[in-house]
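Visitor: Submitted below is the structure of interest, expressed as structure tokens.
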Amino acid sequence: MTIAWQFTSTAFLGLNTPILSIEADIRAGLPQIQLVGLSETRGKAIRERVRAALLNSGFTVPDRRITINLSPADLPTDHPGYDLPIALALLAASNQLPDSIDQTVSQPICALGELRLDGRVLPVPGLLLTAKSCLERDQPFISGADALPALVRGIKHFRLDHLANLKDPAFWSAPSSTFLKPTDQALGPSEAVNRVAAHRQLQAIRDQPLGKLGLLTAALGGHHLLLCGPPGSGKTMLAQAILPLLPPLTQATCMEIACLRSISPEQQGIELNQRPFRVVHHSTSAAALIGGGAPPRPGEISLAHGGVLFLDELPEFAPGTLNQLRLPLESGAISLSRAHYRVTYPAGFQLIAAMNPCPCGWLGSGKPCSCDPQKIARYQQRVSGPILDRIDLQVAVSPVNSSRLFEGDTHQEDLLSKLEDARAFRTQRLKAEKNDALSSLSSAAKSRLVQSADALGLSARSVHKIAGVSRTLADLATEHEVLVEQIDSALALRTALG
């Protein structure tokens with residue numbers, strides 16, 4: 001079967017991958033390669049790499065005027081993966097590809113890969129996004145990936161190690177790997193809790209009954225959590241212990257996480273079924289936290305999607321940086337608008353934050369506090385009210401008595417069993433009931449919540465947050481109705497800052 005070869009690639013706008021057409025034209029004229037649709041600097045670099053790679057792979061570069069166009073011209077093309085599709089388009093235009101291939105290879109063919117001067121093809125960021133896009137369009141895909149994640153299945157993927165392999169018709173008839181479509185099936189262990197890791201983490205935490213209750217509640221209900229206490233009281237250990245308590249990832253969520261990691265080179269090599277745990281330093285800029293650049297790249301909140309974003313020393317963050325979290329905490333996504341691009345990244349993270357109660361850190365501990373009330377108020381007010389209003393659990397962490405450090409804690413298994421039973425109960429309850437926390441409150445619980453809201457001056461958002469936490473606490477107690485004691489416990493888990 002003789003075909004007219006056509007090649008495309010993909011541009012990258014957030015997690016969207018619009019099609020980028022690659023066209024080549026060869027005609028009489030002064031020998032040169034002209035790249036249209038690329039900046040002059042990037043075009044020159046690609047031109048030299050492609051020329052050297054083709055010559056070193058046994059192909060020829062025609063001594064004619066060669067024009068290669070990437071369209072549409074308004075898409076971002078600042079990506080290293082366009083070497084391969086440009087080389088393929090040039091080879092197709094100069095009739096250097098096989099005349100006959102397997103009829104199951106449809107047209108056009110998508111390609112993405114960086115070329116070495118000797119003709120080797122390297123994998124590049126965004127391969128999984130492009131593969132997912134090809135799956136949706138039922139389009140074959142050529143790349144230099146050694147192995148792509150087993151997350152999509154049903155398309156032809158041709159792994160190209162070297163440009164010289166293109167001469168072999170057998171290469172086109174033997175796809176090297178396939179992908180699988182994402183589903184809601186859980187990925188990883190079938191158990192609701194990774195007992196080994198969770199037991200190890202909880203065993204290292206001495207005492208802290210309120211902190212552990214807050215941890216279980218956050219893990220079961222997906223609530224944001226603020227831990228407030230003096231230095232060395234175990235705030236960071238509590239935060240790190242939440243990861244093995246979270247349920248296994250579904251394949252759909254895993255696909256989103258893998259796509260975000262695909263466009264972030266530093267995230268390569270991380271296990272697919274591992275939830276992210278991003279620790280952010282307080283010197284981090286707003287652009288690094290929420291994303292930025294041209295075109296905008298994902299920030300820490302997007303790289304923490306499906307996992308945990310840990311902000312230690314919360315008041316030390318610049319207030320303007322923290323306030324950027326208002327919308328993502330509510331919507332689970334972030335939209336970044338620039339002069340030429342608007343992209344949206346998922347940001348469904350669970351926030352775990354830690355802070356000292358005062359600048360010196362010793363307020364409420366056994367050590368004397370050297371801070372005056374005004375200084376304490378200014379320190380705590382660095383975390384704005386709208387941010388605190390969005391954090392469901394605000395738990396006070398007390399110093400641990402030194403004698404408790406050498407005592408064993410035998411309650412880990414009880415806590416893990418309680419969490420497993422609660423998760424199973426919650427799953428069955430949600431199948432039969434709507435997840436409306438307010439409707440499941442008993443009459444006495446509603447009265448207590450209204451009284452507390454009036455007495456404390458709570459916002460409507462805070463009332464809904466407390467109702468949601470109380471619903472989670474009722475699930476921990478395997479109760480279908482939220483009782484007064486759950487309201488009281490929810491209020492106790494939201495009083496770290498008074």
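The values are calculated or read from the model by the stated rules, or taken from the named source; none is laboratory data. All figures in this text were calculated on a predicted structure; none of them were measured in a lab. Quick reminder, even Gly has a Cβ in these numbers, built from the backbone with ideal geometry, and neighbours come from all protein chains shown.
Visitor: May I ask you to verify whether GLY306 is in contact (Cβ under 8 Å) with a residue 24 or more places away in the chain, touching a Lys or Arg at 6+ places or on another chain (Cβ under 9 Å) and either assigned by TED's automatic domain parsing to the domain that holds HIS79 or closer than 30 Å to SER39 by Cβ (or both)?
Guide: So GLY306 fails the test.
Visitor: Does LYS431 satisfy the criteria of being modelled with pLDDT under 95 and outside any helix (DSSP H, G or I)?
Guide: Judged against the criteria, LYS431 is not a match.
Visitor: What are the residues in the range 473-498 that are in a helix (DSSP H, G or I) and either among the polar types (S, T, N, Q) or in the same structural domain as SER384 (by TED's automatic domain parsing) (or both), if any?
Guide: Within the range 473-498, GLN486, SER489 qualify.
Visitor: Oh, and also: With respect to SER470, is the statement that it is within 16 Å of LEU393 (Cα to Cα) and either assigned to a helix (DSSP H, G or I) or assigned by TED's automatic domain parsing to the domain that holds ALA218 (or both) true?
Guide: So SER470 passes the test.
Visitor: Mind listing whichever residues of the range 336-349 are farther than 18 Å from MET255 by Cα and among the polar types (S, T, N, Q)?
Guide: If the condition is that a residue be farther than 18 Å from MET255 by Cα and among the polar types (S, T, N, Q), then SER337 is the only one that fits.
Visitor: Among residues belonging to the range 193-213 that are assigned to a helix (DSSP H, G or I) and of a type outside the set (A, V, I, L, M, F, W, C), point out the one that is modelled with the lowest pLDDT.
Guide: Out of the qualifying residues, it is ARG195.
Visitor: For the subset of the range 235-283 comprising residues that are β-branched (Val, Ile, Thr) and closer than 24 Å to LEU213 by Cβ, which member is modelled with the highest pLDDT?
Guide: The extreme case among them is VAL279.
Let's see how each residue does on (1) touching a residue at least 24 places away in the same chain (Cβ under 8 Å); (2) farther than 30 Å from GLN486 by Cα:
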site: LEU336; (1), (2): yes, yes
site: CYS369; (1), (2): no, yes
site: GLY385; (1), (2): no, no
site: ASP392; (1), (2): yes, no
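Visitor: Of the conditions (1) closer than 18 Å to GLU114 by Cα; (2) crowded, with 17+ Cβ neighbours inside 10 Å; (3) in contact with a Leu (Cβ under 8 Å, 6 or more places away or on another chain), ILE66 satisfies every one except a single condition; which number is it?
Guide: (1)
Visitor: Residues in the range 54-63: is at least one within 39 Å of the chain's Cα centre (by Cα) and surrounded by fewer than 17 Cβ atoms within 10 Å (Cβ to Cβ)?
Guide: The answer is no; no qualifying residue exists.
Visitor: Could you tell me whether the range 284-306 includes any residue that is at pLDDT 95 or above and charged (D, E, K, R)?
Guide: yes
Visitor: Still on this model: Report whether or not ILE257 is touching a residue at least 40 places away in the same chain (Cβ under 8 Å) and assigned to a loop (DSSP other than H, G, I, E, B).
Guide: In short, no.
Visitor: Sticking with this one: Sort out which residues of the range 323-370 are among the charged types (D, E, K, R) and in a loop (DSSP other than H, G, I, E, B), and write them in order of number.
Guide: Within the range 323-370, ARG338, LYS367 qualify.
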